[in-house]
C-alpha cells in the first residue's frame, strides 16, 4: 500500500469517526423526514402538472367535438339551401377538427397513464412518510431515553470511581500513618537502647554532664582499686618470698628447713 493511500485511509477513518461523534440520531431522523416530505411535494407537483395537461387536452377535445357538431349542422343547412360549396367548406373544417382530436388522443392516453402511475407513487410515498413519521417519533423517544439512561449510568460510574478513589486514598493514608508510627516507635526504642544518638539534642545538657561525671567516677573508682591491689602486692613482696610454684612462703618455714 502506497504512502498516499495510507494517508488517505487515515484521514478518511478520522473523518468518519468525527462524523459519527457529531451525528445526532434525532437530527438525522428529522432531516430524513424533511427529505421525504420534499419528495412527496415534488411528486404532488408533477401530478398536478400532468393532471393539468390532461385536463387541457380534454377541454380542447370537448371544444373540437362541439365545433364538429356545429360544422355538421352548418353543412346540412348549406345543402338544404343548395349551397354545396358552403357544405363542402363546413365538412372540410369538420374533418380537420376530427383530425386534431385523433392526434391528441394518444397524448391524452399517455398523460392519463402517467397520472395513474404518479397517483400510485404518491399513495405509496404518503404511506411511507406516515409510517416513517410514527417510527421517527418512536426512535427519537427511544434515543432520548437511552441518552438519559447512559448519562445516568456514566454519572453513577463517575460516583463509583470517586468513591473507589476516596477509599484508595483513605487506605493509602492509613498505611502511611501506620508506617510513620512504626518508624517513630522503632526510633524511640533505638534511642532508649543507646544504639542511636539523639542528634537533635533530645537529651538536655545537665543529663549529659551527669552521665559524663558518672562515667568519670567509675573510672576513678576502678583506678583506686587497681592502685590498692598494686600496693598490696608490693607489701607482700617485702615480707614474703614466692615459691617456685608462685605460692608465698613465710621466713620461719625456711629457717626450719635450713636447720634440718
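Throughout, read-outs are computed from the coordinates displayed, never taken from laboratory work. Because the structure is a prediction, the values reported are computed rather than measured. Positions of Cβ are generated from backbone atoms using ideal geometry, with glycine treated the same way; all protein chains shown enter the neighbour counts.
From least to most packed, judged by other beta carbons within 10 angstrom and beginning with the fewest, 226, 91 follow the order 226, 91. Between residue 55 and residue 173, with labels modelled 7 Å along Cα→Cβ, what's the label distance in nm to one decimal, could you check? If labels sit at residue 55 and residue 173, their model points lie 8.4 nm apart. Site pair residue 66 and residue 104 shows an inter-label distance of 1.2 nm when each label is modelled 7 Å from Cα along Cα→Cβ.
In plain terms, the residue of 221, 112 with the fewest other Cβ atoms within 10 Å comes first and the most crowded comes last, giving 221, 112.
As a proxy for reagent exposure, 70, 108 were ordered by neighbouring Cβ count within 10 angstrom, fewest first; the result is 70, 108.
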